[in-house]
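Each remark here refers to the structure printed beneath this line.
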Amino acid sequence: MNMPTQPGNDWYTSLVAGVLFPAHESLKQHQSVAVRRHLEESQYWPAAQLQQHRMDSLRALLVRAAEKVPYYRDIFQQIGFDPARDLHSVRDLARLPLLGKDEIRANQDRLKAEDARNLVRYNTGGSTGAPLTFYVGKHRVSHDIAAKWRATRWWNVDIGDPEIVIWGSNIELGAQDRVRIWRDRLMRTELMSAFATTNTGLDGHVARILKRKPRMLFGYPTVLARIAAHAQDKGIRLDNLGIRVAFVTSECLYDGQREQIERVFGCPAANGYGGRDSGFIAHECPAGKLHITAEDIVIEVLGTDGQPLPDGESGEIVVTHLRSGDFPFIRYRTGDVGALDTEPCTCGRTLPVLKEIHGRTTDFLIMPDGTLIHSAALAYVMRDIPEVRAFKIIQETLDWTRVQVVFDGPFGDAERERIARGFHARMGDAVRIEVEQVSDIPPRSPANTVIA
């Protein structure tokens, strides 16, 4: 198995990472290059220095929220909280209310800082959360890019190394205009659809990997494991192409998937945890630990009573993004369950570690002809309908799928037809789509369901 050392010495990779990508970021007014250099120093700081840096950043975020963000200005006044005076440790965050998707939906304008400029609108609502619209400023974007870039370099790859991204978001798949296509060519990145899980689609993925010989893969663990199994069934070797790492994210990475990905592709699988809303939370290093992006992220693990749990105990993961001052994410409920590790990593980085994550997973549904469809393909149908608050997809049989919807507004035949039409476009007209309006979606469901 290929093992990481230091970022490679390919001349074109050096050109991209050292010149082309920095120029690209400068044109977009991002500070990601400088931030990444800082992060590569701070990951080895003594624990006390890192803790002080986090506290300074947390205090700055809360002071800005108190002064410039109407939503938090009112809340802080109501509870008598002055961040400049009352914040002494991360534990003091427990005085503040939690932030959920409902609060964000109800206060989108009031969550924007009054002096924020050039905010970018983002949408979530795949299979891991109810549809949500929020905003992100350039400062946070720069830090999220830099954090991912730093973690990429842990694995002996860099921006500019040949990469295949197998993804399922309409945001990326639907935005391949001429400028993006040329940018991806310069960066040596190729985007392929995670929805293509038929035998023909998998044949295409294997063929592209063979031709491109990427140094890194990026995608959902279920999809990469599916491609690996398909190549193995066909007797096609992929472990001799020089792939250095397979980055996986957006789902739980199970031991069987990791073993299959690593064996067939001949490289380590590196797990990542985060989201468009919560940010780049944590990433696995070559020593096998999930390091939290502690310079930008504060994680609390809460029990069922809403109180912080000791390290090592599992509870709900709540995130405060320290660079989200233009549209603050303070004590944001991810809906995932995990635990903080009590043991440091042997790699030498002092970044705190997530011990485990039991997040909600993106599943596959089985088509009538036996092929698989990635559930994200159906989740994006729902995300494109603003009135959808939450939904559950239940595959009862190969030719019968039920959709339960929490809908914000009048719900009749037109709304049912719109949802059914979107599902038929992806599953075929032979599948009966039954759409039902419900008042709530329970958090626990059988294995043949996809909840958002």
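The values are calculated or read from the model by the stated rules, or taken from the named source; none is laboratory data. Because the structure is predicted, anything quoted here is derived from the model rather than measured. Every residue, glycine as well, gets a Cβ built from its backbone with ideal geometry; the counts of neighbours run over all protein chains shown. These area figures cover heavy atoms from the full protein model, side chains too; ligands, DNA and RNA do not enter into them. Shrake-Rupley method; radii C 1.70, N 1.55, O 1.52, S 1.80 Å.
Assorted remarks:
- Test: residue in segment 379-398 that is at negative phi, at pLDDT 85 or above, in contact with a Ser or Thr (Cβ under 6 Å, 6 or more places away or on another chain) and not charged (D, E, K, R): yes
Let's see how each residue does on (1) open to solvent by less than 40 Å² (accessible area, probe 1.4 Å); (2) among the aliphatic types (A, V, I, L, M); (3) within 14 Å of Ile357 (Cα to Cα); (4) at pLDDT 95 or above:
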site	(1), (2), (3), (4)
Asn240	no, no, no, yes
Ile243	yes, yes, no, yes
Ser250	no, no, yes, no
Gly274	yes, no, yes, no
Asp277	yes, no, no, no
His283	yes, no, yes, yes
Ile292	yes, yes, yes, yes
Asp296	yes, no, no, yes
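- Leu87, sole failed condition from (1) among the aliphatic types (A, V, I, L, M); (2) within 24 Å of the chain's Cα centre (by Cα); (3) surrounded by 18 or more Cβ atoms within 10 Å (Cβ to Cβ): (2)
- All told, Asp255 meets the bar of being open to solvent by 20 Å² or more (accessible area, probe 1.4 Å), acidic (Asp, Glu) and under 23 Å from Glu284 (Cα atoms).
- Taking segment 108-122 as the range and being surrounded by 11 or more Cβ atoms within 10 Å (Cβ to Cβ) and either at pLDDT below 95 or under 23 Å from the mean Cα position of the chain (by Cα) (or both) as the test, the residues that pass are Gln108, Leu111, Lys112, Leu119, Val120, Tyr122.
- So Ile164, is it under 28 Å from Tyr12 (Cβ atoms) and at pLDDT below 90: no
- Counted as qualifying within segment 320-437 are the strands (runs of 3 or more DSSP E) with 2 or more residues that are open to solvent by less than 30 Å² (accessible area, probe 1.4 Å), namely 332-340, 353-358, 372-374, 388-397, 400-407, 432-437.
- Counted residues, segment 82-125 - those being more than 21 Å from Leu302 (Cα to Cα) and either in a loop (DSSP other than H, G, I, E, B) or touching a residue at least 12 places away in the same chain (Cβ under 8 Å) (or both): 23
- Members of segment 188-224 that are among the hydrophobic types (A, V, I, L, M, F, W, C), open to solvent by 20 Å² or more (accessible area, probe 1.4 Å) and assigned to a strand (DSSP E or B): Leu191, Phe218
- Filter result for Tyr72 (assigned to a helix (DSSP H, G or I) and either crowded, with 16+ Cβ neighbours inside 10 Å or at positive phi (or both)): yes
- Test set (1) more than 18 Å from Tyr135 (Cβ to Cβ); (2) part of a helix (DSSP H, G or I); (3) open to solvent by 80 Å² or more (accessible area, probe 1.4 Å) - Ala60 fails condition number: (3)
- Answer residue from segment 16-53, given it is outside any helix (DSSP H, G or I) and either open to solvent by 50 Å² or more (accessible area, probe 1.4 Å) or modelled with pLDDT under 95 (or both) and is nearest to Trp149 (Cα to Cα) among those: Gln31
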